[in-house]
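None of the figures in this text is laboratory data; all of them are computed from the coordinates on show. Note that the structure is a prediction, hence the values are computed from the model and not measured. Positions of Cβ are generated from backbone atoms using ideal geometry, with glycine treated the same way; all protein chains shown enter the neighbour counts.
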Amino acid sequence: MSTDALRSAIDGLMGQAKSDLGELVAFRSVADPQQQPPEQCEAAADWVVRAFSEVGLQDVAKSRTPDGSDCVHGHAPGPEGTPTVLLYCHYDVQPPLGEDEWQSPVWELTEKPDGRWYGRGTADCKGNVIMHLTALRALRQVDGSFPCGIKLIVEGSEEQGTGGLEAFVPENVELLRADTICVVDAGNSALGVPTLTTSLRGMTAVDVTLTGLESAMHSGMFGGAAPDPVAAMVQVLASLHDAAGNTTIDGLDNTGTWSGVDYPADRFRADATVLDGVDLIGGGSVSDELWARFAATVVGIDVPSVANSVNAIQASCRARVSLRVPPGQDAAAATDALIEHLRKRVPWNLRATFEKAGSGEPFQGALAGPGFDALKAGLEESYGREMVTEGQGGSIPLCNVFQQTYPDAEIMLYGVEEPACLIHAPNESVDPREIAGIALAEALFLRNYGAAAGKA
Ligand SMILES: [Zn+2]
């Protein structure tokens, strides 16, 4: 079967993709009733139900999840003996986050002279909703049917982190069971570079409190001999990094390297808004530091603000240390190592308490298997170049839930959200060539995957 027919079908479907994405972007589907009326999410979910029913999925319906949001699910059987793919995306979006900085209306798809389509959610993740629709429409047009079993799950509260779908999955195991799970809420490492995201860092956090006095005391009368817990905290926190900025926690090996795509330092500097002349930290490459190593960050310290400061030694001081955990490492063990590391460095016999402030394990996606091979071939054929792999520094707890619930499934992350999309920022946009390119890759993947099973 020819790729060209699919490619030209997708070209022909891009007008519909644009008008559909425009309709979907117009729903202010921020899944927080404090920010937008819940009717906006309801209307977006109804739109998704209608669109995937029209493309030929069956039993497309909304279900309430424990956080009060609705997910949308549906399915279509494949030819006898073919495996099933679960396609994931989400219809809720981030709020505008800086309405004044938008150069076009937040909730209106706007095409600019650079050819990109602007508006909240055009990429994350409504662009991926439309990409799935385009891939399925093209398969229907060209082949008349789907080449393998398809299941769909569209989340309604991903951006809120309230875990509705994470709770729904283990309660609806058969509804969503699949051989391969495509978490389509990621993107190429750069525009036009076919990319699979293969791992996500985990995270852990510890609150450390140091106390030396019963109450704050005048620094003129007592300073010099009375132990200052703020100075002690500075010493303790300073031990988390060496002079080059490497994270140095006793017992945690921090020499991991990333074997996939390189993240060029100059592009990282721009993406991370690092000021001219200021150094990047750590001894590894940017990819090593982001995707293969531990990274400790002091995310909060409780001390008087400068404006409210008086000449006093504080009775106590509290800080929260967050630790990103690379794939292959254990977040629970890393938490214990972090606490032991901090405990050993508390000076002057100050009273110290350590509280765990939440953790999530890292995630390792598929690196081989029939689904992986079929998607890799699809991405490479669509883009005409070799696929690369990257990690993601943040975590997506749903991936771990999928892995625990379906330990035999291959789980893969990709999508239309390349770095220029500015997701979670003002002036979010999508490049329609990525919608077309990923839709073709996905359609080819589904074809390859169904065909491989037929041959086996
Ligand atoms: Zn997203």
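Before moving on, here are some points about what is shown:
- With K and R counted +1 and D and E -1, the other residues having a Cβ less than 12 Å from that of ALA9 yield a net charge of 0.
- Spin-label model, VAL298/ASP114: points 7 Å from Cα along the beta carbon direction are separated by 3.7 nm.
- Fewest-first sequence of VAL173, VAL106 by Cβ atoms within 10 Å of each Cβ: VAL173, VAL106
- Length released on extending from ASP336 to SER239, taking residue separation times 0.36 nm less the Cα-Cα span: 33.3 nm
- A Stokes-Einstein calculation at 20 °C with viscosity 1.002 mPa s, built on the Kirkwood radius of region 1-86 over Cα pairs, returns a diffusion coefficient of 140 µm²/s.
- Look at the dipole of the chain built from charges on Cβ: of THR82, GLY450, GLY284, the Cα furthest out on the positive end belongs to GLY284.
- The ranking of LYS126, LYS112, LYS376 from fewest to most other beta carbons within 10 Å of each one's beta carbon is LYS112, LYS376, LYS126.
- Adding -39500 (n - 2.57) for every DSSP H run of four residues or longer, then dividing by how many residues the chain holds, sets the calculated 222 nm ellipticity at -11000 deg cm²/dmol.
- Charged neighbours of THR197, selected by a Cβ distance under 12 Å, balance to -3 (K, R count +1; D, E count -1).
- Cα-based shape type of region 50-154, given that a ≥ b ≥ c are square roots of the gyration tensor eigenvalues and the cut on a/c is 1.5: oblate
- Formal net charge of residues neighbouring GLY251 (Cβ-Cβ distance under 10 Å; K, R +1; D, E -1): -4
- Among beta bridges that DSSP assigns inside the chain, antiparallel share in %, nearest 5: 70
- Rounded to 10°, Cα long-axis angle of helix 432-455 versus longest principal axis of the chain: 70
- Relative contact order of region 1-123: 23 percent, from C-alpha pairs under 8 Å at least 6 residues apart in sequence.
- Packing-based exposure ordering (other Cβ within 10 Å, fewest first) of ARG351, ARG28: ARG351, ARG28
- When each of LYS126/LYS151; LYS151/LYS376; LYS18/LYS112; LYS18/LYS376; LYS126/LYS376; LYS62/LYS356 is checked by Cα-Cα distance, pairs over 25 Å: LYS18/LYS376; LYS62/LYS356
- Normalised by the number of residues in the chain, the average gap of Cα pairs under 8 Å and 6 or more apart makes the relative contact order 25 percent.
- Under a model in which nothing but the beta-carbon of Lys, Arg (+1) and Asp, Glu (-1) is charged, region 1-43 shows a dipole of about 140 debye around its Cα centre.
- The simple Förster model, with R0 at 51 Å and r as the Cβ-Cβ distance, assigns ASP4 and GLN103 a FRET efficiency of 0.85.
- Modelled this way, with points 7 Å down the Cα-to-C-beta line, the labels at ARG50 and LYS18 are 2.1 nm from one another.
- Theoretical FRET efficiency, 1/(1+(r/R0)^6), r = Cβ-Cβ of ALA425 and ARG177, R0 35 Å, to 0.05: 0.45
- Peptides 149-160, 49-60 ranked from most to least packed give 149-160, 49-60, packing being the mean of other C-beta atoms within 10 angstrom over each peptide's residues.
- Helix 3-25 vs. the chain, principal-axis angle (Cα, 0 to 90°, nearest 10): 60
- Nearest 10 degrees, 0 to 90: helix 126-143 Cα axis against the chain principal axis: 20
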